[in-house]
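A.B. asks: The structure that follows is given in the form of structure tokens.
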Amino acid sequence: MTFNQLLHVRTIAELGNMTLAASALYMTQPALTKSIKALETELGVQLFDRDTQPIRLTSAGEVFLEKGKQILLLHNELLDDMKRIAQDSCEKITIGMPGEQGSIWFPVLLSEVRQVFPHLEIRMAEGNSRTLENLILERNVDLALYSLPIFRPEIASTVLARESIVFAVSVTHPLTKWIDLSRNSPWTPQLLSPQLLKNETFVALTEGSGLRRLLNAAFERHHLHPVIAMELQRNETAVRLAAEGVGIVLTPVKTAVRLNLEQKLAFFTLDDPVISRSMVAAYRKDTPPSPMLQKIIDIARKTACENPTLVDRVRQVIPPPQQTG
């Protein structure tokens, strides 16, 4: 029995006529008749009742065709899988991420993606939000994972997750007299009046980064004009400096937790609910994600939801103190 013979039986059963079936199979009628007779001899049963018009399957033929269709379906699925693997083995993609986020996300995401696309070659490009947007438009990255907002109208995005953003300052900073340190944590920041931050010093990321955009928006929203003591490329460094008393920093909750600095920092917010940012997968609007890239986006969204080390959220905001100075 061959796959061709399975196709022959299915086609005859569908068309009910040997001549039509032979034409549909691009073969002569005698050749088709010979194929069916050989199969019936091999199986020891008659598959068709040739005395009826249209030709009908015998009871044995019906059982054979039902099982045969399942074999053909599995055969086609196997061929499709092999084609996909062959394509994946030739595929290369580049994913862009900010440096700090990439150090956290990329190893986890890479492991998950390789389970689905084991032969896919994945490269990573680092840069702040502005750099990543340029790389997308220049087609130097296929997909970029970073945070909103997006300022280039040519870029579309899919939201992966949302994470909480809080302010952090050394526990030795004078500002902590307004913070209940006994209840304070990255997940329970104190709500403070923006007026307390007038003329305070900040450690900030460079212009063009997602966190700097959020910080500038907070300054504008609360009419603050702070002093920027340092501008840095990596938020991890800014958080460490804040813990040493250099200034106030705006940071995702997960950064302080990952650095084990909960005891050296006090956490507060000017907004309730706290600032949050959307983590997105970004790509060119004129080039929608291929099925493979869409699958990777789906994997990234699922990974963010299931892995608490990637995204952390504030659980409760501590009410403001009775006095605000």
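The values are calculated or read from the model by the stated rules, or taken from the named source; none is laboratory data. Values in this document were obtained by computation on a predicted structure and should not be read as measured data. Positions of Cβ are backbone-derived with ideal geometry, glycine not excepted, and every protein chain shown enters the neighbour counts. Quick note on the areas: whole protein, heavy atoms, side chains included, nothing else; ligands and nucleic acids left out. Shrake-Rupley method; radii C 1.70, N 1.55, O 1.52, S 1.80 Å.
A.B. asks: Could you list, in their original order, any pairs among K92/K302; K34/K67; K254/K285; K67/K302; K37/K69 whose Cα atoms are separated by more than 28 Å? Provide the component values of the computation, followed by the final result.
C.D. replies: Values: K92/K302 22 Å; K34/K67 22 Å; K254/K285 31 Å; K67/K302 37 Å; K37/K69 20 Å.
As for pairs spanning more than 28 Å Cα to Cα, those are K254/K285; K67/K302.
A.B. asks: Let me ask something else about it. Roughly speaking, what is the centre-to-centre gap between region 229-281 and region 33-56 when only Cα atoms are used, to the nearest Å?
C.D. replies: 77
A.B. asks: Between V116 and L78, what is the label-point separation in nm under the 7 Å Cα-to-beta-carbon projection?
C.D. replies: Modelled inter-label distance: 2.6 nm.
A.B. asks: With only Lys, Arg, Asp and Glu charged, each at its Cβ (+1 for the first two, -1 for the last two), find how big the charge dipole of the chain is about the Cα centre; round to the nearest 20 debye.
C.D. replies: Approximately 380 debye in magnitude.
A.B. asks: If you take every DSSP beta bridge fully contained in the chain, what fraction is antiparallel? Give it as a percent rounded to 5.
C.D. replies: Of the beta bridges lying entirely in the chain, close to 60 percent run antiparallel.
A.B. asks: How far, in nm, would the chain grow between E244 and E306 when pulled straight, counting 0.36 nm per residue and subtracting the alpha carbon separation?
C.D. replies: Extending this stretch completely gives an extra 19.0 nm.
A.B. asks: Right, something else. How much accessible area per residue does region 23-161 have, counting only protein heavy atoms and a probe of 1.4 Å, in square angstrom?
C.D. replies: 58
A.B. asks: For region 217-322, what is the accessible area per residue in Å² when the probe is 1.4 Å?
C.D. replies: Roughly 50 Å² per residue, with all protein chains present.
A.B. asks: Can you give the Rg and Dmax of the chain based on its C-alpha atoms, in angstrom?
C.D. replies: Every Cα atom of the chain included, Rg and Dmax give 31.7, 102 Å.
A.B. asks: Provide the FRET efficiency to the nearest 0.05 for the L7-T172 pair, computing r from the beta carbons and using R0 = 56 Å. Before the final figure, lay out the partial values.
C.D. replies: Numbers: r = 80 Å, r/R0 = 1.42.
The computed FRET efficiency comes out at 0.10.
A.B. asks: Let me ask something additional. Using the 2.2 N^0.38 Å rule of thumb for compact globular proteins, work out how region 200-325 stacks up: its C-alpha Rg over that value, please.
C.D. replies: Computed over Cα atoms of region 200-325, the ratio equals 1.24.
A.B. asks: Sticking with this one: Can you tell me the orientation of helix 59-88 relative to the chain, as the angle in degrees between its alpha-carbon axis and the longest Cα principal axis, to the nearest 10?
C.D. replies: 40
A.B. asks: Using r as the Cβ-Cβ distance of R183 and N134, and R0 as 56 Å, what FRET efficiency do you calculate, to the nearest 0.05?
C.D. replies: Taking R0 as 56 Å, the efficiency between R183 and N134 is 0.80.
A.B. asks: Calculate, for R50 and Y26, the FRET efficiency according to 1/(1 + (r/R0)^6) with r their C-beta to C-beta distance and R0 25 Å; round to the nearest 0.05.
C.D. replies: 0.70
A.B. asks: Keeping the other protein chains in place, figure out the carbon and sulfur percent of the accessible area of region 92-249, with a 1.4 Å probe.
C.D. replies: C and S atoms contribute 51 percent here.
A.B. asks: Something else: Ordered by packing density, taken as the mean number of other Cβ atoms within 10 Å over each peptide's residues, highest first, how do 19-32, 195-208 rank?
C.D. replies: Highest-to-lowest ranking by the protection proxy: 195-208, 19-32.
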